[in-house]
């Protein structure tokens, strides 16, 4: 074989190695910093985490994501999507990550990369204040109880109610729709994060009451990125920002603003059972 042949082979191998190295070094955080923006998506129908007020995106997650983006040295951009489109949209790369409050569970951890918790997510029930027949979670036996379609709240509600008689489940596109039907008396209770129920009850105590204690096991909301080496540096940077925001008191400030109370969150990923 000629020298030129070997030179061509060597050149091809070097080029292939360079492409492989480049692909292996793909870094979502570096891309975000190069653009100067991080593109989040969420459903803006989940008060007080995410909501539209007179056409403006507001809520706990907006305030927190603005702080995190500033720590990364970039500007945050936000996209409003139906909840059923958020995680599929993330998987196909339509945005960088979701700042929706996603319940952390084992099944999702196998498919996505979670940040540290951004809020408590233990599940509870919201009822009508005038309905004295529900005083504790097990009183939903024989009742019509709702949750958001495709949500962890719905899954946990069904698991809890498996030992109760006659529970009828109703699924809604959004929690707001479920709460509207609860207020109208079309259903008897809504399963949601206990913190969200407390917010709804505080906003309209004459209509809604938070049922205590919560029925679910201790759980958390977190944000989600795509799984893989390219997003690992992004999740690490977001986690560093979340720790800093908690340590310097800014997290407590926005918790107080949106929830009326503060809570300490894990600074390492908790064990999920």
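No value in this document is a laboratory result; all are computed from the given coordinates. This one's a predicted model, so the numbers in the text were calculated from it and none came from an experiment. Ideal geometry is used to build each Cβ from the backbone, glycine not excepted, and the neighbour counts take in all protein chains shown.
Can you put 144, 168, 238 in order of Cβ neighbours within 10 angstrom, beginning with the fewest?
On the way: 144 16, 168 13, 238 27.
If I rank by nearby Cβ atoms, fewest first, I get 168, 144, 238.
Here the residues 207, 245, ranked from fewest to most Cβ neighbours within 10 Å of their Cβ, fall in the order 207, 245.
Sequence-distant contacts, meaning Cα pairs under 8 Å at least 6 residues apart, place the relative contact order of the chain at 26 percent.
Once you keep just the Cα pairs under 8 angstrom separated by 6 or more residues, what percentage relative contact order results for the range 141-273? Walk me through the numbers before you get to the answer.
Numbers: 112 pairs, mean separation 25.3, N = 133.
Once normalised by length, the contact order is 19 percent.
With the simple model of a label 7 Å out from the Cα in the direction of the Cβ, residue 31 to residue 170 spans 4.3 nm. Sorted on the mean count of surrounding Cβ atoms within 10 Å across their residues, most packed first, peptides 259-269, 118-128, 101-111, 169-179 read 118-128, 169-179, 101-111, 259-269. Fewest neighbouring Cβ atoms within 10 Å first, the residues 27, 248, 230 line up as 248, 27, 230.
Measuring between their Cα centroids, the range 66-101 and the range 160-218 lie 27 Å from each other. Calculated mean residue ellipticity, 222 nm, the chain: -13000 deg cm²/dmol, from DSSP H runs (n ≥ 4) at -39500 (n - 2.57) each, averaged per residue and rounded to 500.
Of all the Cα-Cα pairs you can form in the range 123-211, what percent are over 14 Å apart?
Values: 2252 of 3916 pairs.
The calculated P(r) of the range 123-211 puts 58 percent of pairs beyond 14 Å.
Could you tell me how many cubic angstrom of Cα convex hull volume the chain has per residue? Let's see the in-between values first.
Values: hull volume 43.2 nm³, N = 273.
Hull volume over Cα atoms, normalised by residue count, gives 158 Å³.
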